[in-house]
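Shown next, in structure tokens, is the structure this report addresses.
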Amino acid sequence: MLGLTVYYDTGAGGQYLSGAIAKSLGDAVAPYTFKLKEKDRSGTSLANRNRWFFNTKTSDFDKDKINVFVNTKHTDPLIQDFPKEFSKVVTVKMECNNLWELSMSSFNRHIKNNPDEDPTRYLSDFFNFKRPTEVDFDLEFEKKASQTKFDLYFSYTTFYDETLQKKFCKKLQTILDKPVDNTIFSTMCRQFVIDNQEMYNRYLVKDI
């Protein structure tokens, strides 16, 4: 049985990417749930946070389909702890290769995952201006990811770049030997960008 999972750092949009991949596979994918989350584990409202939930129930795994699922250890690439049902799992890594990508991932983490009801966040939340040579980014995920190999890579920039989206879909199609609808995938990437931009305009206060 074939599985596919995305490894991603918190805030990078890994569950949304999982949904985009599943939708672009059409009928070739097993049944799944893909929706906006209403509340987090503590009960905090996530209205207007653009927090997505994606997963495939074990009961919905299908030996004749591609089973896209979210690994509970998605932030630790060194742990390859997959459901025993799968004979093979295709791994996709979301990666940040430059300061801009790390910044966007950090913005998402702070705005979408903050621990209170107020989603407003200030630019100064992300940078320590008393020590301008240091930036408030945790690189632990990338450090661990460098110690293992993945089947496919998706840079955060790909959400914004149609050429990179086509290349990603082509590689994915080759690996899975199943058609991947690039138009659907690109449309979802574009929607991810639009929704996030609207959220930033509402909640990111320019206090510098």
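The values are calculated or read from the model by the stated rules, or taken from the named source; none is laboratory data. Since the model is a prediction, treat every value here as computed from it, not as a measurement. Neighbour counts are summed over all protein chains in view; Cβ atoms, including those assigned to glycine, are modelled from backbone coordinates with ideal geometry. Protein only, heavy atoms only, side chains kept; ligands, DNA and RNA dropped before computing areas. Shrake-Rupley method; radii C 1.70, N 1.55, O 1.52, S 1.80 Å.
Checked against (1) open to solvent by 70 Å² or more (accessible area, probe 1.4 Å); (2) farther than 22 Å from S105 by Cβ; (3) not basic (K, R), L36 meets all criteria but (2). Apart from one condition, T33 fits all of (1) at pLDDT 90 or above; (2) polar (S, T, N, Q); (3) more than 16 Å from the chain's Cα centre (by Cα); the exception is (3). Considering only segment 107-114, I want to know if a residue exists there that is touching a residue at least 12 places away in the same chain (Cβ under 8 Å), at positive phi, touching a helix residue (DSSP H, G or I) at 6+ places or on another chain (Cβ under 9 Å) and not in a loop (DSSP other than H, G, I, E, B). Checking segment 107-114: not a single residue is touching a residue at least 12 places away in the same chain (Cβ under 8 Å), at positive phi, touching a helix residue (DSSP H, G or I) at 6+ places or on another chain (Cβ under 9 Å) and not in a loop (DSSP other than H, G, I, E, B). Among the conditions (1) at pLDDT below 95; (2) part of a helix (DSSP H, G or I); (3) small (G, A, S), A47 misses just one, which is (2).
The condition of being modelled with pLDDT of 95 or more, in a helix (DSSP H, G or I) and either closer than 20 Å to G11 by Cβ or open to solvent by less than 80 Å² (accessible area, probe 1.4 Å) (or both) holds for only one of F192, F150, that being F192.
Annotation note: of K166, K144, the sole residue that is in contact (Cβ under 8 Å) with a residue 12 or more places away in the chain, open to solvent by 80 Å² or more (accessible area, probe 1.4 Å) and within 18 Å of the chain's Cα centre (by Cα) is K166.
When residues in segment 154-189 are screened for being of a type outside the set (A, V, I, L, M) and closer than 18 Å to A12 by Cβ, 12 of them pass. Remark: T158 falls outside the filter, which requires a residue to be of a type in the set (S, T, N, Q), part of a helix (DSSP H, G or I) and surrounded by fewer than 14 Cβ atoms within 10 Å (Cβ to Cβ). Within this structure, D81 passes the test of being modelled with pLDDT under 90, closer than 22 Å to T33 by Cα and either among the charged types (D, E, K, R) or more than 19 Å from the chain's Cα centre (by Cα) (or both). Do we find a residue being within 22 Å of I175 (Cβ to Cβ), open to solvent by 20 Å² or more (accessible area, probe 1.4 Å), touching a helix residue (DSSP H, G or I) at 6+ places or on another chain (Cβ under 9 Å) and charged (D, E, K, R) anywhere in segment 66-83? Within segment 66-83, none of the residues are within 22 Å of I175 (Cβ to Cβ), open to solvent by 20 Å² or more (accessible area, probe 1.4 Å), touching a helix residue (DSSP H, G or I) at 6+ places or on another chain (Cβ under 9 Å) and charged (D, E, K, R). When P31 is tested against (1) touching a residue at least 60 places away in the same chain (Cβ under 8 Å); (2) in contact with a helix residue (DSSP H, G or I) (Cβ under 9 Å, 6 or more places away or on another chain); (3) assigned to a loop (DSSP other than H, G, I, E, B); (4) open to solvent by 10 Å² or more (accessible area, probe 1.4 Å), only condition (1) is not met.
Let's see how each residue does on (1) open to solvent by less than 30 Å² (accessible area, probe 1.4 Å); (2) among the charged types (D, E, K, R); (3) farther than 19 Å from Y160 by Cα:
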{"position": "Y7", "(1), (2), (3)": "yes, no, yes"}
{"position": "A12", "(1), (2), (3)": "yes, no, no"}
{"position": "L17", "(1), (2), (3)": "yes, no, no"}
{"position": "I21", "(1), (2), (3)": "yes, no, no"}
{"position": "S24", "(1), (2), (3)": "yes, no, no"}
{"position": "S42", "(1), (2), (3)": "no, no, yes"}
{"position": "T58", "(1), (2), (3)": "no, no, yes"}
{"position": "V92", "(1), (2), (3)": "yes, no, no"}
